[in-house]
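To start, the structure itself, in structure tokens.
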Number of protein chains: 2
Amino acid sequence: MKTLITNAYILDMVGDTANIEKKDILINDDIIEKIEKDIDKNIEIDEKINAKNMLIMPGLINTHTHLAMSIFRGYKADKKLMDWLENAIFPVEDKLKPEDIYWNSYLSCLEMIKSGTTTCNDMYFGMNKTVEAINDTGLRAVVAWCIKDDSIKDKVEQTREYAKRYNKKNSKIKIYVSADAPHTCNPKTIKLCVDLAKELNTGIHMHLAETIEEETKIKSKYKKRSTEYLNDLNVFDVPVVLAHGIYISDTDIEILKRIKGGISHNPISNCKLSSGICDVVKLRKNGINVGLGTDGIGSTTTMDMFEEMKTAAYLQKVNTMEPTSILAYDILKMATIEGAKVLGLENEIGTIEVGKKADIIFIKNDKLHLCPDNDVCANIVYSANGADVDSVMINGKMIMQNRKMINLDEKQVMKQVKKIAKKLL
Amino acid sequence: MKTLITNAYILDMVGDTANIEKKDILINDDIIEKIEKDIDKNIEIDEKINAKNMLIMPGLINTHTHLAMSIFRGYKADKKLMDWLENAIFPVEDKLKPEDIYWNSYLSCLEMIKSGTTTCNDMYFGMNKTVEAINDTGLRAVVAWCIKDDSIKDKVEQTREYAKRYNKKNSKIKIYVSADAPHTCNPKTIKLCVDLAKELNTGIHMHLAETIEEETKIKSKYKKRSTEYLNDLNVFDVPVVLAHGIYISDTDIEILKRIKGGISHNPISNCKLSSGICDVVKLRKNGINVGLGTDGIGSTTTMDMFEEMKTAAYLQKVNTMEPTSILAYDILKMATIEGAKVLGLENEIGTIEVGKKADIIFIKNDKLHLCPDNDVCANIVYSANGADVDSVMINGKMIMQNRKMINLDEKQVMKQVKKIAKKLL
């Protein structure tokens, strides 16, 4: 199937500075085949999309989330992390049925698409139902069964089974191994995860140094920092996505410089739970890839990556007390191509380039809060929000057009999730 | 004229905890006349508004802005404050014509209304054209001519003239005196502003302790902190709105405890310009009113108070490292009734109560990113954005309905502002 996008102002996210040009884009099935001025209108086209008044850019990449947590939106908000987890979240999670996981995940997927995210990296339990929701909504995703010290066998089996099914060329879903976090996984568990990742030729997704309490716990138990703990267990032999990375020392940075993959920075979750501020500027100066993530709803309360972009910029500028420490274009890179590198998908997604998958979002430009457009990148990062995303294409297929989901029922999923919330909360 | 709002879930912002009830609201001209369950449908009504699927709350109050700066959106973003001001902003400001001020202000007014703000507090120059734009768009506002050490006479005369015209009962516009900031106003200028405010029986709007550089300058010049400097010049004899208030010591707090009015906290501007983090939690613990403000576009890049609410919450939680330090309802108070107190308008606006002006916003509730609604306040503060505001009533009159501005031309103002930007930038 051939799709032609015309009249597009394209922010391609290739290169070190912003490049915006008016060109046409020809898409062949899932692949961007041609980007040129005035592509011959006589060639046979199945679908033509007029992108007038639109800015086009690569779909946003959410590098760390827990899709099935949408039910917890605003639930017992404004609590301390351990109080919130132990008294609000864990007791309810135990009661989540597979069908609940499906609908909760489905809502998060739709919310992401509506706010311009085309790829996410998820870890949780009951992931077979989350994979189903991802498939049904058309999203691209990396998914992993979150392994802790208990109920390991089952999760290892499922990871292995799904990796065999999905880790193939052109699959929209990739399976990673997830070791939850240094403080919830003993050395034996972590070694098992590393071996499994090596066996399946895939990467590891885990939390790292999210709170000072966790870091203190590891230090007192193993006499080393959590980054060293993981390094000594050979975690960094395989590609990794390390969520949070707030408590990172200079010696940790020397270790992290050599990893494949990168850090997922979740600024809103880190603020909302008072975890701390990740020194993104320092990590990136040391050549470490940093992507952005929403974390799960509950700690974050929205899946809108535009909010994460803004908050990431604000936090770094006030943390360094230097407004030039991170620029709008840096933030856009983190949300696209750098996020793709964190997930090891930089050859498939993250830019608008010939040969890449057609994951494209259309941002409506003729709005009061985007006027005037002195600086397109600044407008997207600081002034736009998820509701400005007009249309979304994933893998060459239009999933949302003019803010209407195509063949996906928003009302139905809201009804289902409200029912689950009523039952469990 | 009688207006009846039915089927409304009302978050009235009265009291210390959230109160949400389904009631009808009867409005007589500009005043809320009755809030009751099932107001008799047989009474004569001119307009009936069905608020099904809507949450109703008081209009948001933006306690510090510079409306005419909309032209600077994203202009030379990511610069240091003095570099940005001196090399990007001041040279262009000198060229702004009255007509430019009108259209720039008009755009900011519409942008505010579209994102749920019904009252703002503005200071700039050429304010006669801003007042015109405010009147034409229907907003409620406090306005002031920003007085620095130069061109004082003209601004004093205009302040006096407009105060006589507008500072009357039931006027939607109130005139304040503005002394720009401690570091741009010498003692003579400040005394003159205090005398003028006393003469006109009004308040003073000024910047205070926005950056450490300003604070250092005052200290070296006057051997005192800027709050002490203002106190010694009797500024606090009159009601004040003090914008920013980042560099405030414990002795400053003792002074500020006694002021009428309060502090305007502008979290996004303070982050974006790397000014620092205002200790809102400490100020409020000491009984000082703290409202929220956007500052002018350029330093902030959007007039959306929902963004300010979120950022304020995130900053306080991560600054105190205590997630319970500020709650969603606290943030909502700051954006409504506490903001009204900062502007001395708490008897007119800030809550939905019988006898108050009908400044009411309608938030559309049936959206993916607001589902489920476990906690309405958390949803508004953390999950909603300006685009969720469906309708806006100011002074009993519908200004926006179903996201359409009533009798206000968005396209025209965007065209004008783009033209001005093209001419000047």
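So here's what we get for this one:
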| quantity | calculated |
| --- | --- |
| Calculated diffusion of the range A:358-403, Stokes-Einstein form, Kirkwood radius summed over Cα pairs, 4 °C and 1.567 mPa s, µm²/s | 116 µm²/s |
| HN-Hα J in Hz across the range A:362-376 - Karplus 6.51, -1.76, 1.60, θ = phi - 60°, x for Gly and Pro | 10, 9, 6, 9, 8, 10, 3, 7, 10, 10, x, 9, 5, 8, 4 |
| Entries in B:221/B:317; A:397/B:364; B:79/B:260; B:2/B:404 that, when Cα-Cα distance is taken, lie over 27 Å | B:221/B:317; A:397/B:364; B:79/B:260 |
| DSSP-defined beta bridges in the protein assembly as shown - what % are antiparallel, rounded to 5 | 45 percent |
| Partner aspartates and glutamates for residue B:333 [C-alpha distance under 12 Å; skip if fewer than 8 residues away on the same chain] | B:12, B:16, B:346 |
| Pairs from B:272/B:411; A:114/A:174; B:164/B:198 whose Cα-Cα separation, in the structure shown, is over 18 Å | B:272/B:411; A:114/A:174 |
| Label 7 Å beyond Cα on the Cβ vector: residue A:251 copy-to-copy distances, nm | 4.4 |
| Relative contact order for chain B, counting Cα pairs under 8 Å that sit 6 or more residues apart, in percent | 21 percent |
| Principal-axis tilt of helix B:98-114 within chain B, Cα atoms, nearest 10 degrees | 40 degrees |
| Antiparallel DSSP beta bridges within chain A, percent to nearest 5 | 45 percent |
| Sequence-distant residues sharing a close amide H with residue B:176 (under 5 Å, placed H) | B:143, B:144 |
| Packing-based ranking, highest mean first, of B:226-233, A:188-195, A:375-382 given that Cβ atoms within 10 Å are counted | A:375-382, B:226-233, A:188-195 |
| Where rotation carries B onto A, the chain B residue whose Cβ is nearest that axis, in whole Å | B:387, 2 |
| Chain A: Cα Rg divided by the 2.2 N^0.38 Å rule of thumb | 0.94 |
| Between helix B:152-166 and chain B: long-axis angle, C-alpha atoms, 0 to 90°, nearest 10 | 20 degrees |
| Nonlocal amide H pairs with residue A:243, under 5 Å, H built at 1.01 Å | A:206, A:207, A:208, A:264 |
| Relative contact order computed over the range A:12-140 (Cα-Cα under 8 Å; 6+ residues apart), in percent | 26 percent |
| Residue-by-residue Karplus 3J(HN,Hα) for the range B:21-28, coefficients 6.51, -1.76, 1.60, Hz, glycine and proline x | 9, 8, 9, 9, 10, 9, 10, 10 |
| Backbone HN-Hα couplings from phi across the range B:396-405 [Karplus 6.51/-1.76/1.60, Hz, Gly and Pro as x] | x, 10, 6, 9, 9, 9, 6, 6, 9, 5 |
| Copies compared at residue B:80 - label distances in nm, ascending, label defined 7 Å from Cα in the Cβ direction | 4.1 |
| Directionally averaged shadow of the range A:1-68, computed from the convex hull of its alpha-carbon atoms, nm² | 6.5 nm² |
| Peptide A:402-411, shielding by other chains (average Cβ, 10 Å cutoff) | 1 |
| For q = 0.13, 0.14, 0.24, 0.31 Å⁻¹, Debye-computed log10 I/I(0) when each Cα of the range A:334-389 counts as one equal scatterer | -0.42, -0.47, -0.95, -1.15 |
| For residue A:98, label point 7 Å along C-beta direction: distances to other copies, nm | 7.4 |
| Overall dimensions of the protein assembly as shown as given by Cα atoms, namely Rg and Dmax in Å | 26.9, 82 |
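A short reminder: the numbers here are calculations on the coordinates, not readings from a lab. Source: prediction; values computed, not measured. Positions of Cβ are backbone-derived with ideal geometry, glycine not excepted, and every protein chain shown enters the neighbour counts.
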